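Worksheet: the structure to be examined is printed underneath.
FYI, it's all coordinate maths here, none of it is from the lab. Quantities reported herein were computed from a predicted structural model and do not represent experimental measurements. FYI the Cβ positions are ideal-geometry reconstructions off the backbone, even for glycines, and counts take in every protein chain you see.
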Amino acid sequence: MRLDKFICKSTELTRSEAKKVLKQGKIKVNQVVIKDGATQVHENNDITIEGQTLTARQSRYIILHKPTDFICSNVDEGFPSLLHLIDVDRAFDLHIAGRLDADTTGLVIITDDGRWSHNIISPKKQCEKIYRVGLRDNLKPDTAARFLEGVQLQGEDGLTLPAKLEKVAGKEVLLTLTEGKYHQVKRMFAAVGNRVIKLHREQIGIVKLESSLEEGQWRYLTEVEIAYFR
């Protein structure tokens, strides 16, 4: 992870305070003074502040049932950050692995382990995300085939990666994606002449949003769930 983040994760310093001690030359990595907070470090490195060895706190892995009118951001912008819903120490040191729009509900995974969350976010990792989608219009007969081939989104150069579409009932469908472009689900249906009315994420990888977890509630991931994304 970044050195400035490692300092925050192993002390009570804020990000701005960590940058100050870096600038002052108080941080050494493997006996060498480092002043650049963007320097990548590993847990096996010997990292000290004024001679005192730093040890990062254990990473946290959380799932949250996101309600509407919260945003997947570390700052409040129009709507409050969903991190306000998590009652843990230094909640705003966490980040969201795969964002949902303010009007979208469902499963969100939150962590402070950037290397781990990369396996969820990166399209190269082929991590499946399943969405329950309510549509304005009935599904056209060729939509599933078009999504499997990939569709052209406005403003994008290439096609979307293959996506699986399954009709549930009426105007409700399940959509499985392995990427997470900006407003992707809404833009995919717009590209085939339809419109998303309701959107809810049910699953990421093996992690399912259980019915017992109500909107606004959260829990820690199990060891099995954490290991899956490694």
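Compute the Cα gyration tensor for segment 3-53, then decide on rounded, prolate or oblate, letting a ≥ b ≥ c be the square roots of its eigenvalues: rounded whenever a/c is under 1.5, prolate when a/b is larger than b/c in the other cases, and oblate in all that remain. Walk me through the numbers before you get to the answer.
Values: a/c = 1.36, a/b = 1.21, b/c = 1.13.
Since a/c stays below 1.5, the shape of segment 3-53 is classed as rounded.
Do you know the relative contact order of segment 99-230, to the nearest whole percent, from alpha carbon pairs under 8 angstrom that are 6+ apart? Walk me through the numbers on the way to the answer.
Numbers: 194 pairs, mean separation 45.5, N = 132.
The normalised contact order for segment 99-230 reaches 34 percent.
If we sort 24-36, 118-130 on the protection proxy, mean other Cβ atoms within 10 Å, highest first, what's the order? Show your work: numbers first, answer last.
On the way: 24-36: 13.7, 118-130: 15.5.
By packing density, highest mean first, the sequence is 118-130, 24-36.
Mind ordering 49-62, 96-109, 175-188, 7-20 by average Cβ neighbours within 10 Å, highest first? Don't skip to the answer; put the middle values down first.
Values: 49-62: 14.1, 96-109: 20.1, 175-188: 17.8, 7-20: 16.0.
Averaged packing, sorted descending, gives the order 96-109, 175-188, 7-20, 49-62.
Write down the radius of gyration of the chain and its Dmax, each obtained from C-alpha positions, in Å.
Rg and Dmax of the chain, Cα atoms, are 20.5, 67 Å.
Longer than 29 Å from Cα to Cα, which of Lys9/Lys35; Lys125/Lys198; Lys5/Lys198; Lys19/Lys181; Lys167/Lys208 are they? Say none if no pair is. Mind showing how you got there, number by number?
Details: Lys9/Lys35 17 Å; Lys125/Lys198 27 Å; Lys5/Lys198 37 Å; Lys19/Lys181 32 Å; Lys167/Lys208 19 Å.
Going by Cα-Cα distance, Lys5/Lys198; Lys19/Lys181 fall outside the 29 Å limit.
How many angstrom separate the Cα center of segment 31-55 from the Cα center of segment 175-208?
41
How large is ³J(HN,Hα), in whole Hz, for each residue of segment 109-118 in order, when computed from phi with the Karplus curve 6.51 cos²θ - 1.76 cosθ + 1.60 and θ = phi - 60°, using x for Gly and Pro?
Working through the residues one at a time gives 9, 10, 7, 10, 10, x, 5, 5, 5, 4 Hz.
Sum up the charges of everything whose Cβ sits under 14 Å from the Cβ of Val75, counting Lys and Arg as +1 and Asp and Glu as -1, but leave Val75 out.
Once positives and negatives cancel, what remains is -1.
Count charges around Gly134 for me, please; just the other residues with Cβ under 9 Å from its Cβ, Lys/Arg as +1, Asp/Glu as -1. Write out the running numbers ahead of the final one.
Values: positive: Arg132, Arg136, Lys171, Lys198; negative: Glu172.
Combined, the nearby Lys, Arg, Asp and Glu give +3.
I'd like the Karplus ³J(HN,Hα) series for segment 155-172: coefficients 6.51, -1.76, 1.60, θ = phi - 60°, whole numbers in Hz, and an x wherever there's a Gly or Pro.
My calculation for segment 155-172 gives x, 9, 7, x, 7, 5, 5, x, 10, 9, 10, 10, 6, 9, 6, x, 9, 10 Hz in order.
Over the chain, what is the mean sequence separation of C-alpha contacts under 8 Å (at least six apart), divided by residue count, expressed as relative contact order in percent?
Numbers: 414 pairs, mean separation 45.1, N = 230.
So the answer I get is 20 percent.
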